[in-house]
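Nothing in this text is a laboratory measurement; each read-out follows from the coordinates by a stated rule. Here the structure is a predicted model, which is why all the values come from computation and not from measurement. Positions of Cβ are backbone-derived with ideal geometry, glycine not excepted, and every protein chain shown enters the neighbour counts.
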Amino acid sequence: MITQKLEPLFKLENYQRQPRFQNGFYQQDILSVNQFGKENLDYIFERADEMKAMAHQWGTCDLLKDYTLACVFYEPSTRTSSSFISAMARLGGKVIPITEGIQYSSVSKGESLIDSILTLEQYCDVIVLRHSEIGSSATAAKYAKVPIINAGDGAGEHPTQALLDLYTIQSELGHIDGLKVAMVGDLRYGRTVHSLTRLLSQYDVSLRFVSPETLRLPMDLMNDLIDKGIKVRETNKVSDVIENADVLYVTRIQKERFTDLAQYEEVKNYFEITPEVMAQAKEKMIVMHPLPRVGEIHYKVDRDPRAAYFRQVQNGLYIRMALLAAVLGQA
Amino acid sequence: MITQKLEPLFKLENYQRQPRFQNGFYQQDILSVNQFGKENLDYIFERADEMKAMAHQWGTCDLLKDYTLACVFYEPSTRTSSSFISAMARLGGKVIPITEGIQYSSVSKGESLIDSILTLEQYCDVIVLRHSEIGSSATAAKYAKVPIINAGDGAGEHPTQALLDLYTIQSELGHIDGLKVAMVGDLRYGRTVHSLTRLLSQYDVSLRFVSPETLRLPMDLMNDLIDKGIKVRETNKVSDVIENADVLYVTRIQKERFTDLAQYEEVKNYFEITPEVMAQAKEKMIVMHPLPRVGEIHYKVDRDPRAAYFRQVQNGLYIRMALLAAVLGQA
Amino acid sequence: MITQKLEPLFKLENYQRQPRFQNGFYQQDILSVNQFGKENLDYIFERADEMKAMAHQWGTCDLLKDYTLACVFYEPSTRTSSSFISAMARLGGKVIPITEGIQYSSVSKGESLIDSILTLEQYCDVIVLRHSEIGSSATAAKYAKVPIINAGDGAGEHPTQALLDLYTIQSELGHIDGLKVAMVGDLRYGRTVHSLTRLLSQYDVSLRFVSPETLRLPMDLMNDLIDKGIKVRETNKVSDVIENADVLYVTRIQKERFTDLAQYEEVKNYFEITPEVMAQAKEKMIVMHPLPRVGEIHYKVDRDPRAAYFRQVQNGLYIRMALLAAVLGQA
């Protein structure tokens, strides 16, 4: 058919992209915190440290220049999608940002999640997936050839959030063993609390759970902790834990959880972290929050050097850089 | 005015971007399959082969690093916009992704399509345009200085889809002449069927059209084929064509086309491609689908090596890489 | 914890990103035209000239390859966001395009603007912010560590528009002093008119204000001009100014401003710029418009070489490239 030989575009013999590291993450999906034992955590945290140093000194690099990420968000989450997009971009990678339209487009034509993923994976080397249904990332991972990173599957998991939370504790305080960690707020529905608690249960920590009576940690998770020999204690007053806590992990209490609005108002104020509360805390401790906050932490606390929640956001960038590079065999 | 000479930012004498190839596509709009004779097709397909080899070996390259694409979608189409974004990104090009907001922004202020295009072309070197109105891309092309690539103009054309379809046939089966191609489903309204049929009519092929009575190929297209001496045959049963077909091109039958829902249900099942149907097909043949599918091809068929529809998606990436590079004079 | 030393990813000693120029803009916010005296304007305009030359010859460069921009638009504005995205991309910088979803995501969870900015700044080196509330950019700038560039804060300012307007006048006519500039249309509510007028008032110019009686320039702005000794004159007929104007700056008259629709229709036609109107204008003059237009300038005028409004759009790209590079210390 083609009679005339064209001048070739590429000299392909020069180069072949390939994995640089056999790290146990290469081509793996990141679906759940249950995949992360201490060794894996150490690996990712060390890589995140390198990402942090690089980002501070260089800003960006070319580590993932050969790779393309599809950021597929069925429900918008600016914080998470921006973090992944920035992570990929700083590593020199390409990004297909599908952070809005998918629900109006393929989905409206009746396409299944699986077909959407099988289509989009043709365009990229790794997919970050956010979807409102529990188990959606696992389903996608079952069918897709490229690695799937779960960026939140409804009431299920959001593993990169838990990893960045744990990484923040280690970065800020230098170690995890021996710490007293207090979880505050909605411990019943709070996905981030559950995932972080599971990760922490691999370490020698004491856990304090501070919540309204109706929003206590689920029984099965509590029993798991007890079975593992973790020191646990429940209370409904921040004042019971503030003096000894090394970490105060605060979460949002959603108005919608309460049938009695007066009860919500009472509870809300009860759990607010103010400068007065902070005055009772240790000098070397940190306050964390998965954000967004809606009044759980007073703005005046932001100026307190122990307020770690925006540094926590930044750590999310480094953790996601480490994970993206790891599943592509480049870290 | 400016008294002090600043240290200059750039040493411009070093370099001038310019076309590398005089390929007949340079600075041309891609509006319709009618622009593509066999020679053009061969050219683009050979370039797509090179893109495929490069993508597999390198992942990305720098071919279009000097160029910027504006991806302007007045109606969302995740599949198509993602394909173009990935194509440009893998060639090292820059992308302005306007895949959502344009209808809420400039359009809501009453701006015409032409003014929007005349504005956006100031920011880029090539525009990919999706718009619901037939002829919109031709209108844009008439006024714009930069090349316009039609990514679907309503009931009009979607030429890159037809090109990737034809490219898939050639890639999978090694040639086009001599093939028996069966088109299945909604042949009346199916834009992709019409465009692919027009392209195939340049070759020595036999065409089989399988549709419900009410969704037959339009008469004018059928007459064109007959005038050209193409062997055609119509039927309403897949079983009539399955044994001899080299290509089974399946399309979605939209429920909205039927006033009698019972008739739709009957027809729907009649045209479904199942493993049982595939058992009657030749060993060397392919099943294609422009996607999304809604039940026309059973999921179990996905595992059949003859199921080519996701490879077809991937070929779209290579065709679009070839076209983008060609209109910018770099392929 | 970590027992085995990993092979390091980066050789960080090789490089440290740092500001190249001490230009007075480094790490500064761009919030208002009031920040721009003649010296600053000269600086940015000279840098914009260099950007223009580079863009024409190279298309793109690597000047900002180490930097990441978050483009945060609480209200969509395709024109402005595309301009900034293209500007950053052409300088080799990374972009996080948050041009749609933020209002559906973090904001819907009740997050404040300040918290959103404090979060997003963790991912980037500079933020371009569009928000409907007056003063929003100043608020963001007060809290953020990274520079904020105001891309429109409601009825407040849109400084990069005013800068590109003034830059267009200088580029097209070679100088600003001595010019007769006529502002036409809605001078009462037109944000761009007010900002450009403030910038022009630093020069030796004559200003003509052409508007319906109900849409005259606000008194305080008019008084400022008079106090500064600027020659001003008001009229409600384009024909009064067309013969002598060096610049005709036309703006949209919004239907919503009129309670009496008949009055709107009368006024609208009165201010339309047609080829007949242009026939009375000087040979060396320019017509400008911030766009989008809705009939204020007839399409036939587009072919007139004095129609500068699309070149004006392109100048926006160069001004934004200059500003982005300047606040990051790279220009």
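Taking the Cα centre of the protein assembly as shown as origin, sum charge times position over the Cβ atoms of Lys and Arg (+1) and Asp and Glu (-1), and report the length of that vector in debye to the nearest 20.
Working: 111 positive and 126 negative charges, 244 e Å.
Magnitude of the dipole: close to 1180 debye.
For region B:1-86, run through the trypsin sites (Lys or Arg not before Pro) and keep only the ones in DSSP coil with at most 16 other Cβ atoms within 10 Å of their Cβ. Before the final figure, lay out each step's value.
Working: sites: B:5, B:11, B:17, B:20, B:38, B:47, B:52, B:65, B:79; in loops: B:5, B:11, B:17, B:20, B:65.
Answer by residue number: B:5, B:11, B:20.
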Taking the Cα atoms of chain A, what is the range of coordinates along each of the three principal axes, in descending order and whole Å? 83, 45, 39
Lys/Arg +1, Asp/Glu -1 at C-beta; region A:160-313 dipole; positive extreme among A:214, A:167, A:181: A:167
Compactness of region A:48-143 as Cα Rg over 2.2 N^0.38 Å, two decimals: 1.17
If the label for residue A:40 sits 7 angstrom from Cα along the Cα-to-Cβ line, what are its distances to the same label in every other copy, in nm to one decimal, shortest first? 5.2, 5.2
Please compute the Cα-Cα pair-distance distribution of region A:160-313 with 10 Å bins starting at 0, giving whole percents from short to long. 11, 45, 36, 7, 0
Nearest to the axis that maps chain B onto chain A: list the chain B residue whose Cβ wins, with the distance in whole angstrom. B:100, 3
Centre separation in Å (Cα based) which lies between region A:1-66 and region A:253-331: 31 Å
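Report the relative contact order of chain C, percent, no decimals, based on alpha-carbon pairs under 8 angstrom and at least 6 residues apart. Before the final figure, lay out each step's value.
Values: 570 pairs, mean separation 70.1, N = 331.
In percent, rounded to a whole number, it is 21.
Mean residue ellipticity at 222 nm from the helices of chain C, using -39,500 (n - 2.57) per DSSP H segment of n ≥ 4 over the full residue count, to the nearest 500 deg cm²/dmol? Walk me through the numbers before you get to the answer.
On the way: 10 runs with 117 residues, N = 331.
Helices in chain C give a 222 nm mean residue ellipticity of -11000 deg cm²/dmol.
How high is the relative contact order of region C:1-133, in percent, counting Cα pairs under 8 Å that sit 6 or more residues apart?
Details: 118 pairs, mean separation 34.1, N = 133.
It rounds to 26 percent for region C:1-133.
Wrap a convex hull around the Cα atoms of region A:87-210, take a quarter of its surface area, and give that in square nanometres. Could the numbers behind the result be given before it?
Numbers: hull surface 38.0 nm².
The orientation-averaged projected area of the Cα hull of region A:87-210 comes to 9.5 nm².
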Among C:294, C:301, rank each residue by its count of other Cβ atoms within 10 Å, from fewest to most, as a rough exposure measure. C:294, C:301
Ignore the peptide's own chain and count Cβ atoms of other chains within 10 Å of each Cβ in A:291-299; give me the average, rounded. 4
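Structure shown: which of C:52/C:284; C:180/C:228; B:52/B:180; A:94/A:142; A:237/A:300; A:65/B:11 lie over 28 Å apart, alpha-carbon to alpha-carbon? Please list the in-between numbers first.
On the way: C:52/C:284 22 Å; C:180/C:228 16 Å; B:52/B:180 26 Å; A:94/A:142 24 Å; A:237/A:300 21 Å; A:65/B:11 26 Å.
Among C:52/C:284; C:180/C:228; B:52/B:180; A:94/A:142; A:237/A:300; A:65/B:11, the Cα-Cα distance tops 28 Å for no pair.
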Inter-copy spacing of residue A:142 label points, which lie 7 Å from Cα along Cα→Cβ, given in nm from shortest upward: 5.3, 5.3
Evaluate the Debye formula for region A:179-264 with equal point scatterers sitting on the alpha carbons, no solvent, and hand back log10 of I(q)/I(0) at q = 0.23 Å⁻¹, in q order, two decimals. -1.14
When A:149, C:114, C:98, B:134 are arranged by how many other beta-carbons sit within 10 Å of their Cβ, fewest first, they go B:134, C:114, A:149, C:98
If one computes P(r) from the Cα atoms of region C:1-63, what percent of pairs lie at distances over 16 Å? 69 percent
Unit-weight point scatterers at every alpha-carbon of region B:29-97, Debye formula, q = 0.25, 0.27 1/Å: log10 I(q)/I(0) is -1.18, -1.18
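Determine, for C:201, A:211, the number of other Cβ atoms within 10 Å of each Cβ, and report the residues in order from fewest to most.
C:201, A:211
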Stokes-Einstein translational diffusion, the protein assembly as shown - Kirkwood Rh over all Cα pairs, 0.692 mPa s, 37 °C, in µm²/s: 106 µm²/s
Provide an ascending nm list, one decimal, of label-point separations from residue C:22 to the equivalent residue in each further copy; define each label point as 7 Å from Cα along Cα→Cβ. 5.4, 5.4
Name the residue farthest towards the positive end of the dipole of the protein assembly as shown from the options C:251, A:93, C:99, assuming +1 on Cβ of Lys and Arg, -1 on Cβ of Asp and Glu, about the Cα centre. A:93
About its Cα centre, region B:160-313 carries a charge dipole, from +1 on Lys and Arg Cβ atoms and -1 on Asp and Glu Cβ atoms, whose size in debye to the nearest 20 is 220 debye
Cα atoms only, region C:236-321: Rg and Dmax in Å? 13.8, 44
